[in-house]
Every structure is written in structure tokens, then in C-alpha cells.
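Step one of this worksheet: look at the structure below.
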Amino acid sequence: MSSPSGSATDFVPPRPTLAKLRAAAKGCRGCGLYKLGTQTVFGEGPRSAHVIVLGEQPGDAEDRAGRPFVGPSGKLLDRALDAAGIDRDDVYVTNAVKHFKWAKDARTKRRIHKTPSAGEIKACRPWLEAEIALIEPTVIVCLGATAAKSLLGRAFSVTKKRGVAIESHWAPAVFATVHPSAVLRAPREQRSLAERMFVADIRKVGQYLAKHATTGKRPGRPAHKFNEWPITAARSATSNASTRSSRE
Ligand code: URA
Ligand code: SF4
């Protein structure tokens, strides 16, 4: 049975911590995908992270491991973060949808990724909102159209706006780029260019961070905007700032 609200809302604990969220998300039945995926693949990384990397949904490897970005896309992401000088310890990785949506390929019998629907993304969003509210990142990096549209609206075009800082109520800067799986799937002759462009986008995130790290956690973010968040779990910005001052 799915939940009464038809979303993850019914499963998000009051006064959450990342550990509480992760534990509660294990039993989420906010949409039908819990029947399809092996397990909930919750976000991973420190609460002190300045960067949230947002993917679409776990892939085959992530579904088996129960951890985000451990497969081929994750390896490429790690290389790009490294090239951009972004410390992996400063990054929290998560997905717009936390269960793997797949269908069996009739010929190969392999599990083929299926794009989550708008309804599934919406159903899973309370988890993402709670993660963002706790971490209060300086930057969110959306990988691919699904992640970008889920935060920046359906009209958002990754092709037109990749690699640029977009101010939003989610974070002082939201960046979007292509999904690493698109780079990995690119035709042979385009592959190296696609990878260089992906890394170039992530480098822009690194530059933004280097520039804004000294000015505090929420550069240029008007305080009143915080109240506009559609999030009940939002904590005060000051308490988190104090836990990270030593890193800045
Ligand atoms: N692709 C995603 O979008 N997320 C993962 O966790 C892995 C691959
Ligand atoms: Fe819950 Fe999200 Fe999984 Fe749906 S995809 S069951 S909302 S965790």
C-alpha cells in the first residue's frame, strides 16, 4: 500500500537529522517505486558539506549497493570533482528520486534505467527538501535535465544554461550540467569533448566555491528568503554556520 498523501511526506520524521532521515527513508512507500527498487538509496555525505550534487535516481550499481554514485557515473563525477579541486568531503551526493526505476530488457534481460515521472519526482521531493534544509549548501549541482527541472522548473534548459550560477531559494547558487551517464553514452568521437565540457562545468562550481567560501555559508542570500522555503524542517542558518566556521 502506498501512503495516504501519495508522497514521502508521511514518512519524514519531525526534527530530522540526516541519520533519522536515512533510517526513515528505508521504509518509504511514498510512491510505487519502492516495489521496483531493491532498497532506498539515500543521500550520502557530511552535513557540513558546502556542495550538494543532485542526480536523477540511483542506477543499477547504486540499487545493489544502497549507496548513491558508486557506479560508472559516480567514478566520472569523482574525477571531475577532483579536477575541479572540490574536496569529496565537502560534497553531499543525492538523487531527486531515491529508488531505482527500471524495466527488464527483453533481449539482454538486463535492468534498463527508466526516467522517473514528474509524479514520482514530486512524491520523493520531501526527502530532498529535508536534506537541503539540514545541509544548507552554498551550491547545488544538478546533473542532467531531471535534477535541474526538479529544482529550477520544467522550462529550465540544461543546454542553454549549463555551467552558470543561478540564484534560487534552494541555495545561493544552483548549477546545472549534463548527467555523467550522458557523457559515458556519448558516441565515441564525441566522448572526450563531452567529458571535457562536463569537467569544465564542475570547475566553474569549484571557482564559485573558492570565491565565496571566505564570505560565509550563504553568500548574498537575503535572510527573508529562508522563510519562503517550502520546508518545515528548515533550521536557523546561524547554528549550522557555527559548526563550519573552522573549515572556512
Ligand atoms: N545516476 C544518478 O543520477 N544517480 C546515481 O546515484 C547514480 C547514477
Ligand atoms: Fe519513497 Fe522516493 Fe522511494 Fe517513492 S522513490 S518510495 S517517494 S523514497
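Tabulated data for the structure shown
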item: Test: residue in segment 118-125 that is more than 29 Å from His212 (Cβ to Cβ), buried (at least 22 other Cβ atoms within 10 Å of the Cβ) and away from ligand 1 (no atom under 15 Å from the Cβ); result: yes
item: Filtered residues of segment 126-161 (kept if within 16 Å of ligand 1 (Cβ to nearest atom) and surrounded by fewer than 21 Cβ atoms within 10 Å (Cβ to Cβ)); result: Ala145, Lys149
item: Sole exception among (1) part of a loop (DSSP other than H, G, I, E, B); (2) over 23 Å from Ala194 (Cβ atoms); (3) within 16 Å of ligand 1 (Cβ to nearest atom) for His169, by number; result: (3)
item: Positions within segment 11-25 being surrounded by 12 or more Cβ atoms within 10 Å (Cβ to Cβ) and not in a loop (DSSP other than H, G, I, E, B), in sequence order; result: Phe11, Leu18, Lys20, Leu21, Arg22, Ala23, Ala24, Ala25
item: Options Arg162, Arg154, Arg191, Arg185: the member that is at pLDDT below 95 and not polar (S, T, N, Q); result: Arg154
item: One residue from Gly71, Gly59, Gly55 being closer than 15 Å to Gly144 by Cβ, near ligand 1 (Cβ under 10 Å from one of its atoms) and free of Cβ contacts under 8 Å to residues at least 24 places away in the same chain; result: Gly71
item: Failed item, numbered, when Glu167 is tested on (1) closer than 28 Å to Tyr34 by Cβ; (2) modelled with pLDDT under 95; result: (1)
item: Test: residue in segment 195-205 that is farther than 21 Å from Ala84 by Cβ and surrounded by fewer than 21 Cβ atoms within 10 Å (Cβ to Cβ); result: no
item: Residues of segment 34-52 satisfying the condition of being within 14 Å of ligand 1 (Cβ to nearest atom) and outside any loop (DSSP other than H, G, I, E, B); result: Glu44, Ile52
item: Odd one out for Ala130 among (1) farther than 23 Å from Arg15 by Cα; (2) within 15 Å of the chain's Cα centre (by Cα); (3) modelled with pLDDT of 95 or more; result: (1)
item: Residues of segment 56-76 satisfying the condition of being within 25 Å of Arg203 (Cα to Cα) and more than 16 Å from ligand 2 (Cβ to nearest atom); result: Phe69, Val70, Gly71, Pro72, Ser73, Gly74, Lys75, Leu76
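Here is a yes/no grid of residues against (1) without any contact (Cβ under 8 Å) to a residue 60 or more places away in the chain; (2) more than 26 Å from Pro16 (Cβ to Cβ); (3) part of a helix (DSSP H, G or I):
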| residue | (1), (2), (3) |
| --- | --- |
| Asp82 | yes, yes, yes |
| Tyr92 | yes, no, no |
| Val97 | no, no, no |
| Phe100 | no, no, no |
| Glu120 | no, no, yes |
| Pro126 | no, no, yes |
| Ile132 | no, no, yes |
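This table checks each residue for (1) buried (at least 24 other Cβ atoms within 10 Å of the Cβ); (2) of a type in the set (Ser, Thr, Tyr); (3) touching a strand residue (DSSP E or B) at 6+ places or on another chain (Cβ under 8 Å).
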position	(1), (2), (3)
Ala61	no, no, no
Arg67	no, no, yes
Pro72	no, no, no
Gly85	no, no, no
Asp90	no, no, yes
Asn95	yes, no, yes
Lys98	yes, no, no
Trp102	no, no, yes
Lys114	no, no, yes
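Yes or no, residue by residue, for (1) more than 11 Å from ligand 2 (Cβ to nearest atom); (2) surrounded by 15 or more Cβ atoms within 10 Å (Cβ to Cβ):
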position: Thr9; (1), (2): no, yes
position: Gly27; (1), (2): no, no
position: Leu33; (1), (2): no, yes
position: Ser48; (1), (2): yes, yes
position: Leu54; (1), (2): yes, yes
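The values are calculated or read from the model by the stated rules, or taken from the named source; none is laboratory data. Small disclaimer: the values here were computed from a predicted structure and weren't measured. Note: ideal-geometry Cβ built from the backbone for every residue, glycine included; neighbour counts use all protein chains shown.
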